[in-house]
Amino acid sequence: MKKTIAILLAVLLAIPGFAAKKEKKETPSNKPVFTTIKEMPITSVKNQNRSGTCWAYSTLSFFESEILKKTGKTYDLAEMFVCNKDYMERAELTVRMHGDSQFEQGGSAGDVLLIIKNHGIVPEDAMAKPGTMIGDTLANFNEFFSVMNPFVNAVATNKAKTISNQWKPGLQGILDAYLGKTPESFTYQGQQYTPKTFAASLGLDWNDYVSITSYTHHPFYTSFAVEVQDNWRWDHSYNVPMDEMMRIIDNALDNGYTVAWGGDVSDEGFTRQGLAILYNTKSAEGLTGSDQAKWLKLKAADRKNFIDSLGVNAPEMIPSQEQRQKDFDGWELTDDHGMHIYGLAKDQNGKEYYMVKNSWGLTGDYQGIWYMTKSYIAARTMDFLINKNAIPADIRKKLGI
């Protein structure tokens, strides 16, 4: 019987019409087919797992690509070294501010740059593997921060007239227990290093990196501290018009550079399958064949499922400087996630997408890579870190850098 069924199935598959229908069902016409236009070298996709450390993963990925461009050498730099140093400094500020400064897992690309400048960096092998200190296989900050947050807040909001510095070794013990102790020296490929001498050996000028943003509540071609909670150091970003912000990204890719991007991924157009499209929901209403009243009665999940089903055919909004500012002031453009822009591709309709490396492991349809339209990036960028040599000469002149 089994032999008869197998023979029948083989005959059906051999029929052209049967095979074509099956292929059509598996490959919907709205599924994107990407062609790579340009692609810079990147290191392997990592997994931040249960930790709010995208800022460390994305920025170190960016620096790893910078090293590849400059020297041709591949490195895996240690995110937990950066976190260990950064959380101590963030706690120090929180205590100085008597608790009036947010102490959370998030951070910015500027944190990573300043940690490297002030403390150096180490390769992944010089630190404990993320998560291993608590018996996990990947980074897991759930217990870690539930222990550390009350500790820092207790010190910062203490009612005593004066406090000692004994809380620092106590906090350092927590950091070392969960993240691993940062080495004072180590051996890498037969050479002895300290974190600072290792950073100096990587071939980069750490003063080459600047942050770019685009808002109208500060003058263009000046710098200011973007007012988001994770920018707790109040690092400054250069402010340029939106079209010039996008020119900087394109110029970087044209010249072999990549971008450490920070922005909003809470938008409904950012899918977990590996796409980010600036959905135009008003235009989508007409595509349902129903009136607006019926569209508005649909549950939010049903509306999203319908738009997601359009794939590359989903209508997009045209981003504008005015809308960026409105969204920022209205809390609709938020500082959610850090990723690494490293290439440019186009779909079967000719629409261009940035190729973006995520830090959620080999997830989605593209094994940890997201394809984000230029409109999405223009509308949802908070700021980004870039090599100043990647900025067009005319814009650098306006900025004075």
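Each reported figure results from applying straightforward, stated rules to the coordinates on display, with no laboratory input. Here the structure is a predicted model, which means the values were calculated and not measured. Please note: Cβ atoms are built from the backbone with ideal geometry, for glycine as well, and neighbour counts cover all protein chains shown.
Computed from Cα atoms alone, the Kirkwood hydrodynamic radius reported for the chain is 23.4 Å. Under a 5 Å amide H cut-off, with hydrogens placed 1.01 Å from N, residue 122 pairs with 78 among residues at least 5 apart or on other chains. Remark: the stretch 229-237, residue by residue, has Karplus-estimated 3J(HN,Hα) of 5, 6, 8, 6, 7, 6, 5, 8, 10 Hz, where x stands for each Gly or Pro and the curve is 6.51 cos²θ - 1.76 cosθ + 1.60 at θ = phi - 60°. Selection among 246, 113, 142 by position relative to the dipole of the chain gives 142 as farthest towards the positive end (Cβ unit charges, Cα centre). Note: relative contact order over the chain, using C-alpha pairs below 8 Å and six or more positions apart, is 24 percent. In terms of the mean number of neighbouring beta-carbon atoms within 10 Å, the peptides 64-73, 238-247, 335-344 order highest first as 335-344, 238-247, 64-73. Between residue 137 and residue 367, the modelled label-to-label distance comes to 1.9 nm, taking each label 7 Å out from Cα in the direction of the beta carbon. From most to least packed by mean Cβ count within 10 Å, the peptides 101-113, 373-385 give 373-385, 101-113. Each Lys and Arg Cβ is given +1 and each Asp and Glu Cβ -1; about its Cα centre, the chain then shows a dipole of about 920 debye. Measuring r between the beta carbons of residue 234 and residue 35 and using R0 = 51 Å, the FRET efficiency lands at 0.75. Overall, the stretch 360-401 carries a charge dipole of about 300 debye about its Cα centre when +1 sits on the Cβ of Lys and Arg and -1 on the Cβ of Asp and Glu, all other atoms neutral. Take the Cα of residue 318, step 7 Å toward its Cβ, do the same at residue 301, and the gap between the two points is 3.6 nm.
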